[in-house]
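Below: the structure, in structure tokens.
Throughout, read-outs are computed from the coordinates displayed, never taken from laboratory work. Remember, predicted model here, so these are calculated numbers, not experimental data. In this analysis, Cβ positions are derived from the backbone assuming ideal geometry, glycine residues included, and neighbour counts consider all displayed protein chains.
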Amino acid sequence: MSIEQKLLELQLILPPAPKPVATYVPASLAGDLLFVSGVLPFEDGKMAFTGKLGSSLTVQEGYRAARIATLNALAIIRQELSTLDRVQKIVRLTGHVASADSFAEQPAVVNGASDLLVEIFGLEGRHARLALGAAELPLHAPIELEFIVQIVPEEK
Amino acid sequence: MSIEQKLLELQLILPPAPKPVATYVPASLAGDLLFVSGVLPFEDGKMAFTGKLGSSLTVQEGYRAARIATLNALAIIRQELSTLDRVQKIVRLTGHVASADSFAEQPAVVNGASDLLVEIFGLEGRHARLALGAAELPLHAPIELEFIVQIVPEEK
Amino acid sequence: MSIEQKLLELQLILPPAPKPVATYVPASLAGDLLFVSGVLPFEDGKMAFTGKLGSSLTVQEGYRAARIATLNALAIIRQELSTLDRVQKIVRLTGHVASADSFAEQPAVVNGASDLLVEIFGLEGRHARLALGAAELPLHAPIELEFIVQIVPEEK
């Protein structure tokens, strides 16, 4: 099954790709590596969650925020490649989790992204990963995700 | 116009490339990707600004610090490639902004780097980007920048 | 001398490669770049140090933690490539150091990783580097390291 068919099967609808609000671009391709700009948990044009893990948000809310941010990244990747079927594999995911003092469950939060990637892409969705605790994030987002994706070469 | 000519036109003078103070190198080339070590806002041999955004520094000061750190990165890139004209494009920029509690305008700070890149490199200066809030940075720097640059292949 | 022989000479014994506890993988190869998942200072199956630099841990302890985390990364790299002799060079190292308020000596901590890499790999161990201050890290680790490694092509 293609990835685009898989999205339909999972009834996942991607949001509009977030537009950079400054002089940068949503993603940049170098060779067969697509570097995606940082994505936040935007849903229906606004941040689905704000605040920090370990104070205003629960791990479950953080997990959902990570899932929503991932949908934003996929929207960018589809916009860049025309179709998600040109994704060869998800190479690396870094999850920056806004963390209040002594919060140490960043991995459980970033799982919201990792689980969705494997759900959609299967084995090719398995990625190298970092989970980190940020002091603050833009717009008081609870999570910002960074993706590096390998694409299928054009000639295939 | 070449990038080196553009620098002259903009009357931009690059500082000496910062020297690593430990067992690492200013930049590392893998294939056609140049990974640059983290750069801080050094000017005239000392940090142009210290402190955190959201407490001791304004967004405007952070913006200027980002611009100065970018000049340091360009100095490293020129040192590695002999000339900035061997830059194919700026692939990704990550701005780590030292952020006091509840500061959420990291993007406005990192714009100081993004704007300068586009001013110098034009379309090829447009990059994927992350803006993040760091708890602390080396030497109390307000910003540390990370660059990935694609270079023009040797045979060209 | 091969890298594996060098490890023997230095009497360095790698720990078991840490196993991801979620839906990600220890490392991901794209072309000749190996992206390693974040490593923590695990030793004998538990965290060798916990806490933050600038409060509960000294720079010397952080340095040792960085060294131990590096051994974990090397264990992953050997597991992925069968042998460390397939490492072409260490491209980039990022050290995320859990930092209490006003701690600014992240570079001295990350030197624990950089020094070991050069000790083992010589010139090919010299890498681009970032040293950053994280608010919090998984499992209260004092450091998390991120590696990008270039591998020797298969055909050699």
Euclidean distance of C-alpha centroids, segment A:82-156 and segment B:81-156, integer Å: 21
Inter-site label distance for A:E43 and B:V152 at 7 Å from Cα along Cβ, in nm: 4.8
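Filter the cross-link list A:K52/C:K89; B:K46/C:K52; A:K89/C:K19; A:K46/C:K89 down to pairs whose alpha-carbon distance in this structure exceeds 32 Å. Could the numbers behind the result be given before it?
Values: A:K52/C:K89 38 Å; B:K46/C:K52 27 Å; A:K89/C:K19 20 Å; A:K46/C:K89 43 Å.
Over 32 Å apart, Cα to Cα: A:K52/C:K89; A:K46/C:K89.
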Most mobile of A:V25, A:V97, A:V118 in a GNM of chain A (Cα contacts under 10 Å): A:V25
For B:K46, inter-copy label distances in nm, listed shortest first [label point 7 Å out on the Cα-Cβ vector]: 4.7, 4.7
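Averaged over its residues, how many other protein chain Cβ atoms are within 10 Å of peptide B:26-36's Cβ atoms?
Details: counts 2, 5, 11, 4, 12, 8, 2, 10, 2, 10, 4.
Mean shielding by partner chains, rounded to a whole number: 6.
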Prolate/oblate/rounded call for segment C:50-156, Cα gyration tensor, a/c under 1.5 rounded: prolate
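Mind checking the full-extension length gain between B:V21 and B:Q60? Use 0.36 nm per residue of separation minus the Cα-Cα distance, one decimal, nm. The partial results should precede the final answer.
Numbers: separation 39, 0.36 × 39 = 14.04 nm, distance 2.93 nm.
That pair, B:V21 and B:Q60, stretches by 11.1 nm at full extension.
Exposure proxy check: B:S114, A:S28, A:S99 ranked by fewest other beta carbons within 10 Å? Walk me through the numbers before you get to the answer.
Values: B:S114 26, A:S28 23, A:S99 29.
The order, fewest Cβ neighbours first, is A:S28, B:S114, A:S99.
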Distribution of pairwise C-alpha distances over segment B:1-58, 5 Å bins, in %: 4, 13, 15, 16, 21, 18, 10, 3, 0
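Determine the percent antiparallel among the DSSP beta bridges restricted to segment C:50-156, to the nearest 5. Working shown, then result.
Numbers: 9 of 18 bridges.
DSSP beta bridges in segment C:50-156 are roughly 50 percent antiparallel.
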Inter-label distance, nm, simple model (7 Å from Cα along the C-beta direction), B:S82/A:L10: 4.9
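Determine the shape class of the protein assembly as shown: with a ≥ b ≥ c the square roots of the Cα gyration tensor eigenvalues, call it rounded for a/c under 1.5, and otherwise prolate if a/b is greater than b/c, oblate otherwise. Don't skip to the answer; put the middle values down first.
On the way: a/c = 1.09, a/b = 1.00, b/c = 1.09.
Since a/c stays below 1.5, the shape of the protein assembly as shown is classed as rounded.
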